Amino acid sequence: MATETRHDGFSDDDDDKPIVFKRSDNGDSEDVRPLSSIIFRNSPLDKPSEIIKDESDDDEAPISSRFRNKNGNEVSGSKQDSTNEKKPLVKMFQNGSTLENERPSPKVSGKRLLEKGSSADQSPVKKPKVSSSSTSVAMKSLKIVKQGDKRKLEAGNDDNDDDDDDDDVPIAKRIKSDTSKYKTPSAKPKVVKQSSTSSATKSKVKRVVSPPSKTRSKKSKKVMNESKFAKSSKTLPTGDGKKKWTTLVHNGVTFPPLYKPHGVQILYKGKPVNLTPEQEEVATMFAVMRETDFYNKPLFRENFWNDWRKLLGKTHEIQKLDDCDFTPIYDWHLEEKKKKKAPREKGEKYMWAVVDGVKEKVGNFRVEPPGLFRGRGEHPKTGRLKKRIHPCDITLNIGKDAPIPECPIPGERWKEVKHDNMVTWLAFWNDPINPKRVKYVSLSASSSQKGQSDKKKYEKARKLKDHIENIRATYTKNFTAKDVSKRQIAVATYLIDKLALRAGNEKGDDEADTVGCCTLKVGNVECVPPNKIKFDFLGKDSIQYVNTVEVEPLAYKAIGQFRAGKSNSDDLFDELDTSKLNAHLKELVPGLTAKVFRTYNASIMLDVMLRQETREGDVNQKVVVYQQANKEVAIICNHQRTVSKSHGAQIERLAGKIEGLREGLKALKNNLERAIKGKSPLEGSDGKKTRNITPEAWEKKIAQQMMKIEKMERDMQTKEDLKTVALGTSKINYMDPRITVAWCKRHEVPIEKIFNKSLLEKFAWAMDVEPHFTF
DNA sequence: AAAGTGACTTGTCGTCATAGAC
DNA sequence: GTCTATGACGACAAGTCACTTT
């Protein structure tokens, strides 16, 4: 898949831009701005250990108080004023954080002293977390002492387990408080009441819930959390060591229907062949893929054939896949498709779980059906048979006091039932294609549990802001380190920061051959004098990343050194792997890992662009601004999509329409002239006659027509522009929803214009953010 | 130190319903 | 009313990263 050259929507003053990199795939990077111009200017602090603390506490405060007013109205940051919205990003990068800054200090208001610069101050950025309760502050400082100066990046870490408390409760409650917003009542978590008349869960729910402890009130919950032990699971510690739930009730999983033989025969060398149901089932899986690209891929066919042949037996009449004609089954399949299929069973019973007394949606309660493994890119296992999963493959995880779900397949039983509250999964099975991999069943994205961890992720990224300047100064300095490892770490960190590359774990031979930063090969990077690097590699999902960027001259030089004397298939960073890299990052800022940079850069970019680019205008215009910002983020993250098959045709059609409109415009102009001369209008091409109107009226029509044309051209442009860019992924995973919500509030854009129903549910935790929220 | 494993996040694509085009 | 382009959604593949085991 070819990557196209992209253009960014920024205006020209690069200085304000956040991160710099734009990409020009064709090797020219005219628009690449040197990172240096922005980021590195005055970064005075290289003191390594300035660390930071982070107050994770802020999580604990009630939401409302949590966001301290960035505008200084409150307590804390008096300095920040709303104006900062307009300030160039650069300034934002300027506040380095020093311990002092972050430390809750009595003098509060001045917290942010740091703005080192001059006028630039204001970045609202983090405000002192003063808002948290005094207690927590106290605790924090205590901790600090213990830990030395370092503070963790983690939004809520071990400091106090309860730091997320506030998160837990509120969300559910919050949501439920305004039901009206959510049209799908079922979608929102509710506190389960004693005798809920509702669905299937009821019986169990009742039971579980009934114990007093269950009635969850904020308080009770907190209390429990603080006594962290509560019921620790007896099993070996798993997960991250934090308790994920107290009570958990659910109904297990459901299985796809057993195979129903259709009896349609394939032809082997032209003759019908009898197949057993098992053989037929697999043949059908293959037959129905006829119109996909997989069908003709040699490896896919070979892998399929090997697995199918195991079912046929070596001596079967069918000896060669190429002699098989699956047309009869394919045709049968088309017929079946035409028939109305009964609406798929909803699985209401399995759809819900009750976690700590709150009813929550389950994400994927349906076990994956058997099929042929597709895989992405050149996956070595493409085409292999993915066998059916049975109850005896499934391990359930459920509350100790909850009833164990009945096995839905008569006569069979679950593999195991665990009661591990240190993990979030409800069930898992091993992936038949790669048995080391595990497939989990967990709550849906809209659940409070997922929402909390999402929020934590963004809080962590947000804190990176306080250290980024320092980190950049450090790696810049190390571009010239004499120690190769150190230099590689510096350059790798730089690339991860600047280009939002993934960490790049090692991969096995039984996986597609893709790379990330640490696994880049010499052949994936090319030095283009004087100081540009051309990247070309296959990343996650075998999506190609092609980009030529201008880099810091010293980094350029270092990359040249790393390449020297190696062959194309050698590792560029031969001294590096993700553990070393992350270990290093963690040293800079506790809790920091490579992926945090992606989140950070995506979110900060959105925040900055929205502030810079939003103009007065109607809602639609603002939405366009949002989409453009979203697009830039997607580009930086290399979120691509394949161009739809009909794209060309669609563009042509649009072009045709525009052409038609142009013709119409010509006619209108013509008639205007005639009207001015007092002649009557010509009749339309369709032969119908045209009303005689005044020149002014013609002018008006002409203006309207031109608007129409412009709009259509813009639409066409946008469509073409976005044909290879997927906006969704960054919206779902990288851009802090609070930025979006706050922007919508500030600019009176209905949030529904930006988030669809599932995003609204998923981001319920972000909806009450204050309009001044700054990432 | 490498390899394995466990838990969870991130990512693209296919399918389906439906709003909109004709 | 039928056709079709879109977007929502689900499916499930493929990453990240911590921690064990060898």
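Place a +1 charge on the Cβ of each Lys and Arg in the range A:436-495 and a -1 charge on the Cβ of each Asp and Glu, then give the dipole magnitude about the Cα centre in debye, rounded to the nearest 20.
Values: 16 positive and 5 negative charges, 50 e Å.
Computed about the Cα centre, the dipole is about 240 debye.
Put a dot 7 Å past the Cα of A:Asn620, heading toward its Cβ, do the same for A:Glu710, and the two dots end up 1.2 nm apart.
The range A:644-716 gives an Rg/Rh value of 1.11, both radii derived from C-alpha positions and Rh following Kirkwood.
Return the subset of A:Lys243/A:Lys455; A:Lys482/A:Lys557; A:Lys349/A:Lys455; A:Lys457/A:Lys586 for which the Cα-Cα distance in this structure is over 20 Å, preserving the input order. Pairs exceeding the cut-off: A:Lys349/A:Lys455.
If you take the square roots of the eigenvalues of the alpha-carbon gyration tensor of the range A:267-338 and sort them as a ≥ b ≥ c, do you get rounded (a/c under 1.5), prolate (a/b over b/c) or oblate? Don't jump to the answer; show the numbers that get you there.
Values: a/c = 1.66, a/b = 1.21, b/c = 1.37.
Note, shape of the range A:267-338 comes out oblate.
Relative contact order for the range A:644-716: what percent, with Cα pairs under 8 Å and sequence separation of 6 or more? Display every interim value, and only then the final one.
Working: 45 pairs, mean separation 27.2, N = 73.
This gives 37 percent for the range A:644-716.
For the range A:268-412, take the convex hull of the Cα atoms, compute a quarter of its surface area, and give me that in nm², please. Numbers along the way, then the final one.
Details: hull surface 49.1 nm².
Averaged projected area of the range A:268-412's Cα convex hull equals 12.3 nm².
Phi-derived couplings, Karplus 6.51 cos²θ - 1.76 cosθ + 1.60 at θ = phi - 60°, listed residue by residue for the range A:390-400: 10, x, 5, 9, 9, 9, 9, 10, 7, x, 4 Hz, with x used for Gly and Pro.
Putting +1 on Lys and Arg Cβ atoms and -1 on Asp and Glu Cβ atoms, find which of A:Ala655, A:Val624, A:Gln705 reaches farthest to the positive end of the dipole of the range A:619-718. After comparing all options, I get A:Gln705.
Out of all Cα-Cα pairs in the range A:632-675, roughly what percent, to the nearest whole number, are more than 16 Å apart? Walk me through the intermediate numbers first.
Details: 597 of 946 pairs.
Roughly 63 percent, once rounded to a whole number.
Here the range A:421-539 is treated as a sphere whose radius is the Kirkwood value from Cα pairs; by Stokes-Einstein at 4 °C and 1.567 mPa s it diffuses with a coefficient of 72 µm²/s. For the range A:546-609, the convex hull drawn through the C-alpha positions has a volume of 147 cubic angstrom per residue.
List, in the order given, every pair from A:Lys418/A:Lys595; A:Lys657/A:Lys711; A:Lys338/A:Lys439 whose Cα-Cα distance in the structure shown is over 21 Å. Before the final figure, lay out the partial values.
Values: A:Lys418/A:Lys595 31 Å; A:Lys657/A:Lys711 12 Å; A:Lys338/A:Lys439 33 Å.
The answer is A:Lys418/A:Lys595; A:Lys338/A:Lys439.
Say the cut-off is 30 Å between C-alpha atoms; which of A:Lys359/A:Lys731; A:Lys400/A:Lys540; A:Lys534/A:Lys631; A:Lys540/A:Lys762 go over it? Check vs 30 Å cut-off fails for A:Lys400/A:Lys540.
A short reminder: the numbers here are calculations on the coordinates, not readings from a lab. Source: prediction; values computed, not measured. Using ideal geometry, Cβ is built from the backbone for each residue, glycine included, and neighbour counts are taken over all protein chains shown.
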